[in-house]
Every structure is written in C-alpha cells, then in structure tokens.
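Below is one structure, written out as structure tokens; the observations come after it.
The values are calculated or read from the model by the stated rules, or taken from the named source; none is laboratory data. Remember, it's a predicted structure, so these values are computed and weren't measured experimentally. Glycine also receives a Cβ, built like all others from the backbone with ideal geometry; neighbour counts cover every protein chain displayed. The area values use the complete protein model at the heavy-atom level, side chains included, leaving out ligands, DNA and RNA. Shrake-Rupley method; radii C 1.70, N 1.55, O 1.52, S 1.80 Å.
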Amino acid sequence: MLDFFTDLDTQLMLFLNGWHTPYWDNFMWLYSSRWIWLPFYAAFVFVILRNFKWRVSALIFVAIFLTIFFADQITATLLRPIFHRLRPCNLDNPLSQFIHVVANDRGGAYGFPSAHAANAFGFAFFIHYLFRRSSLSLLLFAWALMMCYTRIYLGRHYPGDLLAGAMVGFVSASLSYCMFRYVAGSQKHKKLHRQFIPPYFLLLTLLTFFILSFFYPY
C-alpha cells in the first residue's frame with residue numbers, strides 16, 4: 001500500500017512539474033518567496049488593530065507567531081529528521097534528472113513535510129477561525145493552495161509533502177487559536193470592519209507578479 005501511494009505521489013509530481021515556461025518560472029519564483037508577501041500580511045495587521053482592543057490584538061499576534069513557530073518546528077525540526085525523504089530536485093534523488101528546477105535552487109536535502117505548506121495553511125486556518133468570513137477564507141485557502149503548487153512547480157516538494165504540511169498547519173492553527181481563546185476569554189464574533197483591505201492587497205500583489213514576470217529574471 002505504501003509503495004502504491006509513493007508511486008502515485010511520484011507520478012503526480014512529474015505530471016504537475018512538467019508544465020513550465022520561462023514566464024511561469026518567473027511568476028512561481030516570485031509567488032513562492034516569503035518576504036514579498038509582507039504587505040499582504042501587514043494588511044491583516046491593520047485590520048486586526050482597527051477591530052480589536054490592544055490587549056486582544058497583542059494576543060492575536062502572539063497566536064499567529066505561535067502558529068508559524070509550531071508549523072516550522074514540527075516540519076523542519078521534528079519530522080524531517082525522522083522521515084529523511086529527499087526533495088525531488090535533490091541531486092541524490094534519482095528522480096531529479098526528470099525534475100524542472102528554477103534558478104538551479106534545490107533547497108535543503110529533505111522536504112517531508114513542507115514548511116511552506118504548513119505556514120501558508122496555518123495562517124489561512126487561523127484567519128478563518130478569527131474572522132469567520134467565508135469569502136475571505138476561500139480566498140486565503142486558494143492563496144495557500146497556490147503556494148503549494150509553486151513548490152511542486154519549482155521542484156522542491158512532492159504533493160504528499162504538501163498535504164502533510166497542510167495538515168501540520170491545520171493542527172498548529174487550531175492549537176494556537178484554542179490557546180488564544182482560553183487566554184483572551186470569550187470573544188463574540190462580530191462583523192469586522194475593513195475586511196476588504198487584505199483581498200485588495202492580495203490582488204494587487206498578484207497583479208504585480210503578472211507584470212514583473214515579463215521582465216524579472218528570477
């Protein structure tokens with residue numbers, strides 16, 4: 001059974017990684033970069049500060065930090081040394097000769113689970129719990145799913161790495177949110193103001209990617 005899922009994971013990796021052009025190389029490289037999303041994250045900081053008292057806002061930021069911290073530590077520090085699953089692009093992996101790699105950047109040796117997926121889905125789930133707005137949640141989950149696809153496109157992760165990372169993100173966000181609710185006490189879910197700002201920043205960032213990808217030589 002394990003061999004069946006491993007083979008399926010490999011075939012799906014080769015299938016999805018095989019769709020590439022110079023333009024999308026640039027786009028996926030930009031999308032997968034972590035620091036380039038800072039304005040998007042800052043938009044959530046602004047909305048939180050505008051809707052919650054300073055003490056609750058501080059607790060929310062601590063909880064988000066813990067979500068990312070748990071996700072990183074569980075994936076990179078705890079699980080990767082146990083499973084030792086080589087990235088598909090790693091030169092020690094026989095599959096690497098069939099993998100499309102962008103900018104010759106192959107990352108670290110091991111990739112199971114994916115920290116990118118854990119962080120993206122951890123953030124998406126926490127905001128989903130906090131805001132309780134279906135349209136914003138769907139947009140965030142689509143953003144996180146696209147983040148996962150970029151990792152396949154760049155040759156860094158198998159789909160199974162990303163699925164496991166998403167599960168870690170879900171657990172991290174759930175634990176952090178439970179701790180936040182315990183410390184902050186009962187918080188009634190109210191209609192939050194200026195929720196339209198993060199989606200606008202997301203769309204603006206994507207538009208920037210679409211334009212820069214014509215010129216940006218990753």
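Checked across segment 142-156, the condition of being small (Gly, Ala, Ser) and touching a Cys at 6+ places or on another chain (Cβ under 7 Å) holds for at least one residue. Ala42 meets all of the listed conditions (1) small (Gly, Ala, Ser); (2) under 21 Å from Gly169 (Cα atoms); (3) surrounded by 14 or more Cβ atoms within 10 Å (Cβ to Cβ) but one, namely (3). Restricting attention to segment 91-138, the residues that are open to solvent by 60 Å² or more (accessible area, probe 1.4 Å) and not in a loop (DSSP other than H, G, I, E, B) add up to 7. Out of curiosity, is Leu207 without any contact (Cβ under 8 Å) to a residue 60 or more places away in the chain, in a helix (DSSP H, G or I) and closer than 30 Å to Pro94 by Cβ? Against the criterion (without any contact (Cβ under 8 Å) to a residue 60 or more places away in the chain, in a helix (DSSP H, G or I) and closer than 30 Å to Pro94 by Cβ), Leu207 does not qualify. Scanning segment 13-68 for residues that are touching a Ser or Thr at 6+ places or on another chain (Cβ under 8 Å) and free of Cβ contacts under 8 Å to residues at least 12 places away in the same chain yields a single hit, Leu49. When Ala58 is tested against the conditions (1) under 28 Å from Phe210 (Cβ atoms); (2) modelled with pLDDT of 95 or more; (3) over 15 Å from the mean Cα position of the chain (by Cα), the lone failure is (1).
Only one entry in Ala184, Ala142, Ala115 is more than 23 Å from Ile36 (Cα to Cα) and not aromatic (Phe, Trp, Tyr), namely Ala184.
Looking for something open to solvent by less than 10 Å² (accessible area, probe 1.4 Å), within 30 Å of Trp24 (Cβ to Cβ) and among the hydroxyl-bearing types (Ser, Thr, Tyr) - is there at least one such residue anywhere in segment 176-197? No, because not a single residue in segment 176-197 is open to solvent by less than 10 Å² (accessible area, probe 1.4 Å), within 30 Å of Trp24 (Cβ to Cβ) and among the hydroxyl-bearing types (Ser, Thr, Tyr). Within segment 139-175, the residues that satisfy the criterion of being farther than 14 Å from Phe70 by Cβ, more than 14 Å from the chain's Cα centre (by Cα) and open to solvent by 10 Å² or more (accessible area, probe 1.4 Å) are Tyr158, Gly160. Here Val62 meets the list (1) farther than 20 Å from Trp35 by Cβ; (2) surrounded by 17 or more Cβ atoms within 10 Å (Cβ to Cβ); (3) of a type in the set (Val, Ile, Thr) almost entirely, failing just condition (2).
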